[in-house]
1. Name every residue in region 39-57 that is of a type in the set (A, V, I, L, M) and either over 29 Å from D107 (Cα atoms) or assigned to a strand (DSSP E or B) (or both), in order of residue number.
2. What tally of residues in region 122-156 results from selecting those that are more than 26 Å from F321 (Cβ to Cβ) and either outside the structural domain of L185 (by TED's automatic domain parsing) or touching a strand residue (DSSP E or B) at 6+ places or on another chain (Cβ under 8 Å) (or both)?
3. Can you find, within region 199-227, the residue that is farthest from I96 (Cα to Cα) among those that are outside any helix (DSSP H, G or I) and at pLDDT below 85?
4. For residues that are under 14 Å from the mean Cα position of the chain (by Cα) and of a type in the set (D, E), scanning just region 104-138, find the one that is surrounded by the most Cβ atoms within 10 Å (Cβ to Cβ).
5. Which one of S47, S25 is surrounded by 20 or more Cβ atoms within 10 Å (Cβ to Cβ), assigned by TED's automatic domain parsing to the domain that holds D107, over 18 Å from the mean Cα position of the chain (by Cα) and not hydrophobic (A, V, I, L, M, F, W, C)?
6. Here is a list of conditions, (1) outside any strand (DSSP E or B); (2) out of contact with any Gly (no Cβ under 9 Å at 6 or more places or on another chain); (3) modelled with pLDDT of 95 or more, and L36 meets all of them except one; can you say which number that is?
7. Which of the following residues is in contact with a Cys (Cβ under 8 Å, 6 or more places away or on another chain) and either surrounded by fewer than 18 Cβ atoms within 10 Å (Cβ to Cβ) or over 28 Å from R162 (Cα atoms) (or both): R53, R65?
Amino acid sequence: MNKPKVTVAIGIYNTEKYLGESIQSVLDQSMKDFELILVDDCSTDNSFKIMKRYAAKDKRIEILRNKKNLYIGYSRNRTFKIAKGEYIAIHDSDDICTKDRLKKQADYLDNHPDIFMVAGSYEYIDMSGKYIGKEVFDYDYKKVASRLVVHNMIHNPTVMFRNDKQTYHRTKMIYAGDRDLWMRLLTSNKRIVVLPDIVSKYRVHPSSVSMSKHKKQKLFTEKAIEFYYERRKFGKDSYDKFDPDKILLLKENNIYNDILIEKRRIQLLLLTDKKQYRKELINFWKRSGLRKWKRLPLTYILSFIPQKISNIFTELFSDNFKKFKLWYKYYFLKKRLP
C-alpha cells in the first residue's frame, strides 16, 4: 500500500486465545483504507503463528517480531516509526473494534484539524466475550486537559492520532506508558478529545495488565504524574534519571486478581442498576469483608444520590481535592529536579 488513510498498530504478547477475533475485528471495519501492523513481543504461545496465518491472507497486514521481550512501548514505537497512514489507531490484541471505529474517528480528525488525538468510549466484556458494562465519556479538549491528571478517561485501544512522526512511547515507562504519553501531549499543547461513541470492547481477564500487574501499573502511573508536574514547574522532567527496576522488581499479589475483576463488575452496575449495585456490594462485604474494599460503606451511601448530582460532586469536589493533593506533593514541595 502506498499511503493508507489509517495505520492500525497492535502490540502482541501471549494472547493466542483472543488474537484471531481481535485481528478479524480490524479486518471487518467498514472503512477499508488502512494498513495493519502487528508486532509480536517474543510470545511463547502460538500468537506469532496466528499473525503469520492472517498476514498470508491479507496484503494490508505487516508483521514484525522483537528479538526479545521488550514490552509494549518498544513494540508500539516500531509501528509508529514505519506507519504510512495519515492517522495512527491503537488497538489491543485481546480487545475488539466496533465495525465503524476507524471511519468515525478518521472522519472526526478530517473535520477538526485543531484536534491532535481522538479517543472513544467502550464496553467491558468478560473472557467469553459477554457484555458486562460500559463507560461513556464526552469530553472536549478543555475538559480533558483539566481532568486527565486525576482521571484517566482515555482508554488506550480507543485512540487515533495524527501521524506526526514525533509521537512515541518512553520505553522506561513499562506500564502506564500511555498515561505518560497523553500527559506529554498536554505539555506540548496538543488537543485531545474523548467522544461518546462506543469504539472498542475491552476484555477483562486475569492475565490482562490492569489485573496481573495492578500494583506496578499504579506506581508507574504515579511516576507519570510526577513527571507531568516536574515539566510544569521546571520545563523538563527527571525521566532520564528514572530507574524502572525499582518498581519492576516488586512482587505482585495475584491472589487478588479475582477480587479486582469482581469489584470492576460491581462498579459498572452503578451506571445501570443502582439497586442491584447495592445488593452486590452487600454480598461482597459478606464474602470478603470491608478490608478488601475500604470505601464500600461510602460508595453504598453515594449510590442513593442521582447520577447527575454525583457527577457534579465528583468534578467540583473530589477531582479538585485530588488535584490539590497532587499539586502539593509534586509541584509545591519540589525545589529542584532530583
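1. Initial filter on region 39-57 (of a type in the set (A, V, I, L, M)): 39, 50-51, 55-56.
Within region 39-57, V39, I50, A56 meet the criteria.
2. Selection size over region 122-156: 12.
3. Within region 199-227, the subset outside any helix (DSSP H, G or I) is 199-208, 213.
Checking the rest, the ones that are also at pLDDT below 85 come to 204-208, 213.
Working: V204: 12, H205: 14, P206: 17, S207: 17, S208: 14, K213: 22 Å.
Step by step, filter region 199-227, then rank; the result is K213.
4. E123
5. S47 is the lone residue from the list that is surrounded by 20 or more Cβ atoms within 10 Å (Cβ to Cβ), assigned by TED's automatic domain parsing to the domain that holds D107, over 18 Å from the mean Cα position of the chain (by Cα) and not hydrophobic (A, V, I, L, M, F, W, C).
6. Here L36 meets the rest and fails (1).
7. Only one candidate qualifies: R65.
The values are calculated or read from the model by the stated rules, or taken from the named source; none is laboratory data. Quick caveat, the model's predicted, so the values are computed rather than measured. Cβ coordinates were reconstructed from backbone atoms using ideal geometry, including for glycine residues, and neighbour counts include every protein chain displayed.
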